[in-house]
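Here, each number is a calculation from the coordinates, and none is a lab measurement. Because the structure is a prediction, the values reported are computed rather than measured. Glycine gets a Cβ as well: all are built from the backbone with ideal geometry, and neighbour counts include every protein chain shown.
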Amino acid sequence: MSNQWDLYEVFIRSKNGTSHKHAGSIHAADANMAIDNARDLYTRRSEGTSIWVVRSKDITASDPGEAAALFEPAESKIYRHPTFYDIPKDVPNI
Amino acid sequence: MATKENTPNAALLDYVLGVADDSLVLGQRVSEWLGHAPAMELDIACSNLALDLIGQAQLYYEYAAELDGQGKDADDLAYHRDAHEFRNHLLVEQTNGDFGKTVMRHYLFTLFSKMRAEGLAKSSDEKVAAIALKSVRELEYHLRFSSDWLRRLALGTDEGNRRVKEGLEDLWAFTFEMFKDVEAEESLYEAGVVPRPSSLKDAWNEQVAALLEEIAVAPSARKAAPTKGRVAGHHTEHLGHLLAELQFLQRAYPGLSW
């Protein structure tokens, strides 16, 4: 196609109570068409109960070149993981 | 198989076959877009629509085979009848043309078939009611898809508007058949087994007129109304070609399965 439609990112929630997860991307002329196209491509096998779409160009992403500065400092800070507590046996879901 | 005896059961068999044929033929038409649709996303959308329709056809054929009671199955009815035995409406066998004509055909027919399915869902025949009820949700989406695309095309550009209008002109003459009552079905209408076709006409016309006004497409003035497809199997030349492709494998290798 000479005039390519906008690219949209698709997020699907598989069931109530869970969060929307990135499923992939599709092309569409506007947001409503994006919902229809996402429905046809990503919920064919009952994968979803809710769909979010957002234009890919509206997403601001972190710069891969800055990954080291952004993420490496966290690697040495194991005390941020809540692994130093004794979990009472009667509280299974912490 | 379509017996001409004037018994309620024979009339119901003919009617159910007609509904099945409508779904199969339209499903086959829509599936012709596979690999040819204007965008990859529409390829997938069209195959989904086609699969909905073929799934509906299968359920109606299975019930028709049961009513027929001669040991046939759904495949026998779909693949081993000739064009003159098909009881679909003429509208659904019309060629795809461009995407504007395809979505116009889909809208004009789905608006009717959804109303018909809503009527059938209240049928005194439990099986018909169950099959129809299942199809209503699918047809609601088909209606949304086709009317959205008519809006986009007709309100988008002059060319889109022209193509939608041409599609309407090509198809309009075939819409009259959908609302023609059939004498042999009188007992079915009376017993509340199937909705009377003419009872759907006003609501259909009203909704079509409203959409055409919304999308700035003038109504068609065409009056010519061939109406013998469903009732007598007098089809346009397009159905034979469609069936040749649809039925080829089962005709060449009867009983072949995956």
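In the set B:ARG196, B:ARG162, B:ARG137, B:ARG144, only one residue is more than 20 Å from the chain's Cα centre (by Cα) and surrounded by fewer than 19 Cβ atoms within 10 Å (Cβ to Cβ); that residue is B:ARG162.
Looking at segment A:69-83, can you tell me whether even one residue there is in contact (Cβ under 8 Å) with a residue 40 or more places away in the chain, away from chain B (no Cβ under 14 Å) and surrounded by 10 or more Cβ atoms within 10 Å (Cβ to Cβ)? No: zero hits. Scanning segment A:43-94 for residues being part of a loop (DSSP other than H, G, I, E, B) and among the β-branched types (Val, Ile, Thr) gives a total of 8. When segment B:62-79 is limited to residues that are in contact (Cβ under 8 Å) with a residue 40 or more places away in the chain and in a loop (DSSP other than H, G, I, E, B), the one that is surrounded by the fewest Cβ atoms within 10 Å (Cβ to Cβ) turns out to be B:GLN70.
Condition (residue is charged (D, E, K, R), assigned to a helix (DSSP H, G or I) and over 27 Å from B:ALA20 (Cβ atoms)) applied to segment B:198-209: is it met by at least one residue? Yes: one or more hits.
Kindly establish whether A:SER46 is at positive phi, out of contact with any His (no Cβ under 7 Å at 6 or more places or on another chain) and within 14 Å of another protein chain (Cβ to nearest Cβ). The answer is yes for A:SER46. In the set (1) under 15 Å from the mean Cα position of the chain (by Cα); (2) among the charged types (D, E, K, R); (3) under 30 Å from B:GLU159 (Cβ atoms), the condition left unmet by B:ARG87 is number (3). Might you let me know whether segment A:34-42 holds any residue that is charged (D, E, K, R), within 30 Å of B:ASP148 (Cα to Cα) and out of contact with any Asp or Glu (no Cβ under 8 Å at 6 or more places or on another chain)? Yes - at least one qualifying residue is present in segment A:34-42. Within segment B:204-227, residues that are touching a residue at least 24 places away in the same chain (Cβ under 8 Å) reach partners that are in a loop (DSSP other than H, G, I, E, B) with beta carbons closer than 6 Å, at six or more positions or on different chains, in the pairs B:LEU212/B:PRO219; B:THR227/B:LYS180.
You will find that of B:LEU34, B:LEU67, B:LEU26, the residue that is more than 14 Å from chain A (Cβ to nearest Cβ) and closer than 25 Å to B:TYR253 by Cα is B:LEU26 and no other. Annotation note: Cβ proximity below 6 Å between a residue of segment B:229-249 that is closer than 12 Å to B:GLN94 by Cβ and a residue that is among the β-branched types (Val, Ile, Thr) (sequence gap 6+ or interchain) occurs for B:HIS238/B:THR95.
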